[in-house]
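Please read the structure below before turning to the comments.
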Amino acid sequence: MNRFSYVSALLLLLALAATAAPAANQKGYDGGHGIIMPDMKPITEWNWTRKAPSVGLNDPVIFVEPEREYPYRMYVHAKGGQDLYRSKNCADWTKIANDVLPSGGGTNFNWGRKGPDGRYYLYRSVKDEYTELWVGNTLTELKNMGKVLDKPDAGGYYDPDTDTWHMYYEGVPGKGSPCSLTINHAVSQDGIHWTKKGIALDIRSRDWKTGDPDVIRIGDTYHMFVDRTAPEHTKYKIAWATSEDLDSFKLREEPITDWYGGDACVRYVPEQERFVMYQEFFGTENEMQGGVGWGVSQRIPR
């Protein structure tokens, strides 16, 4: 190959790489937790539509890896423990492993993501008292790393811009149930050792209680979905709050769902061009299903 041909080929490869890079990032995923969506049509109301029961009993935790043949995998509690499912569209699920992790007795899984080190991190509450961490190279081989936070029902967000993990958990306890009057905030550089920062969402002026936060990012805004528990525990609906800095969230709307269901796990699904929300204790006033259910937002093409 002469010098001119070599330079031309090199320039062609560089041009292809430059055009391919944006395409690879178009889906906007953050590597396992959920999404970092670019600016899109502003989300000012969600207009969720109730769909149907899904698989399992409670504690849905969804991992998203767009490069996989089955981009969506979900842990969900069944009778014997946490089962693992997979899906191509975050709607139709196939079970791929039974009883991967033990659960029960006030123990429930709340949040998981693939860490920057390539390992999977899964957090769970134990006896409604504290949060422990499970870590592994695959979702079927996780090791218990022990207690990492002295508070339960934690959800989180990993910020790749600052390489910082953010944990949101139940702070000031409410009377008569395991739910809370505040969502508090802690940060970490490794997902294991946490420093508490204070209250991120305060609902002490409201007539309901909260817990089980889930956070996603759309553009420069962070969206938190939390339980809206009233009047009694397990009759959940979902409230919505937003933040520009991950430290302080402002309540935007409550509730945003018209059916029962808590422990929301929200993800944008390009195959559906919608956000999906999976919840436990799914049902209506007249027909509580008691298991996991799901709903979808209005269609949001990208």
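All of the numbers you see were taken from the coordinates with simple rules; none came from a lab. It should be emphasised that the depicted structure is a prediction, and the values quoted were computed from it without experimental measurement. Cβ sites come from the backbone with ideal geometry, for glycine too, and all protein chains shown count toward neighbours.
Note on K143 and R204: the extension gain reaches 18.2 nm, defined as 0.36 nm multiplied by sequence separation minus the Cα-Cα distance.
Count Lys and Arg as plus one, Asp and Glu as minus one, and take only other residues whose Cβ is under 11 Å from that of I96; the net charge is then +2.
Kindly flag which residue pairs out of K209/K237; K147/K175; K175/K209; K95/K127 have an alpha-carbon separation exceeding 19 Å in this structure. Result: K147/K175; K95/K127 exceed 19 Å.
Which order do the peptides 157-168, 236-247, 194-205 take when ranked by the mean count of other beta-carbon atoms within 10 Å per residue, highest first?
Highest to lowest by the protection proxy: 236-247, 157-168, 194-205.
Taking a Cβ cut-off of under 11 Å around A264, the surrounding Lys, Arg, Asp and Glu residues balance to a net charge of -2, with basic ones at +1 and acidic ones at -1.
Under 17 Å of direct C-alpha separation, and excluding same-chain neighbours fewer than eight residues apart, K88 reaches these lysines: K27.
Ranked by the mean number of other Cβ atoms within 10 Å per residue, highest first, peptides 140-151, 249-260, 53-64 order as 53-64, 249-260, 140-151. Stretching the chain fully between T164 and I192 yields a gain of 8.9 nm (0.36 nm per residue, less the alpha carbon separation). Ranked by the mean number of other Cβ atoms within 10 Å of their residues, highest first, the peptides 207-214, 264-271, 183-190 come out as 207-214, 264-271, 183-190.
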